[in-house]
1. Scan region 97-111 for residues that are out of contact with any His (no Cβ under 8 Å at 6 or more places or on another chain) and surrounded by fewer than 21 Cβ atoms within 10 Å (Cβ to Cβ) and jot them down.
2. Please work out which one of (1) within 24 Å of Pro156 (Cβ to Cβ); (2) assigned to a helix (DSSP H, G or I) is the condition Ile65 fails and give its number.
3. Of the numbered conditions (1) farther than 28 Å from Ser175 by Cα; (2) of a type in the set (Asp, Glu); (3) at pLDDT below 85, Asp43 fails exactly one; give the number of that condition.
4. When you go through Pro11, Pro60, Pro114, Pro87 one by one, which is the residue that is crowded, with 18+ Cβ neighbours inside 10 Å, not basic (Lys, Arg) and not in a helix (DSSP H, G or I)?
5. Give all pairs with beta carbons closer than 8 Å in which a residue from region 74-94 that is farther than 17 Å from Ala187 by Cβ meets a residue that is part of a helix (DSSP H, G or I); count only pairs at least 6 apart in sequence or on separate chains.
6. Return yes or no: is Gln78 within 25 Å of Leu24 (Cα to Cα), surrounded by fewer than 20 Cβ atoms within 10 Å (Cβ to Cβ), of a type in the set (S, T, N, Q) and at pLDDT 95 or above?
7. Going through region 154-194 one residue at a time, which ones are assigned to a loop (DSSP other than H, G, I, E, B), out of contact with any Asp or Glu (no Cβ under 8 Å at 6 or more places or on another chain) and farther than 21 Å from Val136 by Cβ?
Amino acid sequence: MNLPRADEAQPERADAARNRRRILDAAARLYAERGAAHVTMNDIARAAGVGRGTLYRRYPDRASIATALLDEHERRLQEALLSGPPPLGPGAPPADRLAAFYDAMTQLLEDHAPLALGAEVGRSRFIVGAYGFWRVHVRMLVAEAGVADPDAMVEPLLAPLAPEVFVRQRELGLSVERIAAGLGVLAHGVLGHP
């Protein structure tokens, strides 16, 4: 008898896949309507038409749901950073690539701010997979630019992309284009001028 190995992922059952999709669709709608801070797990379970046990088995909290919703958008950006055309993808100078990354991230935040705010609760920002990817990318650009002590520069260069910072700038009336342009000045100021 062939038993599955512990490290092999089991295929998702059809009913589990349906419930996952219902949960994510309901959460996306509620987060967009009310903002993540004003949505409870009970709200999501009710809107999805699933029991609380079903919800909690898959997602232990609101942040895990928001993270799952953001995942597909962040994966597209990750692919563009790895193999897309310059300046976002390889082949451009580090400062131009960082400015392009800032531009892409500000658009992602504009499109999905409620999800980003819901996913990054407290220190959770630093433990989600996407943040680790962004950190490696920015560190690589800083090192490639020849900046001394790249490790000391990564978090300061990622800090302006915190969802709370972005939302605050939008509340103050700054357009996405102005925010991205300001971050471009930061990128070129730290990594070199165009």
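The values are calculated or read from the model by the stated rules, or taken from the named source; none is laboratory data. Remember, it's a predicted structure, so these values are computed and weren't measured experimentally. A quick note on method: Cβ atoms are made from the backbone with ideal geometry, for glycine too, and the neighbour counts reach across all protein chains shown.
1. Listed by number, the residues that qualify are Asp103, Ala104, Gln107, Glu110.
2. Every listed condition holds for Ile65 apart from (1).
3. (3)
4. On the way: Pro11 fails: crowded, with 18+ Cβ neighbours inside 10 Å; Pro60 fails: crowded, with 18+ Cβ neighbours inside 10 Å; Pro114 fails: not in a helix (DSSP H, G or I).
Result: Pro87 is the single residue among Pro11, Pro60, Pro114, Pro87 that is crowded, with 18+ Cβ neighbours inside 10 Å, not basic (Lys, Arg) and not in a helix (DSSP H, G or I).
5. Glu74/Leu108; Glu74/Ala130; Glu74/Phe133; Gln78/Ala130; Gln78/Phe133
6. Working: within 25 Å of Leu24 (Cα to Cα): yes; surrounded by fewer than 20 Cβ atoms within 10 Å (Cβ to Cβ): yes; of a type in the set (S, T, N, Q): yes; at pLDDT 95 or above: no.
Taking the combined requirement at face value, the residue does not satisfy it.
7. Residues of region 154-194 that are assigned to a loop (DSSP other than H, G, I, E, B), as a first pass: 162, 172-175, 192-194.
Restricting the remaining residues to those that are out of contact with any Asp or Glu (no Cβ under 8 Å at 6 or more places or on another chain) gives 172-175, 192-193.
The answer is Leu172, Gly173, Leu174, Ser175, His193.
Per-residue answers, yes or no, for (1) at pLDDT below 95; (2) hydroxyl-bearing (Ser, Thr, Tyr):
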{"site": "His112", "(1), (2)": "yes, no"}
{"site": "Met153", "(1), (2)": "no, no"}
{"site": "Leu157", "(1), (2)": "no, no"}
{"site": "Ser175", "(1), (2)": "no, yes"}
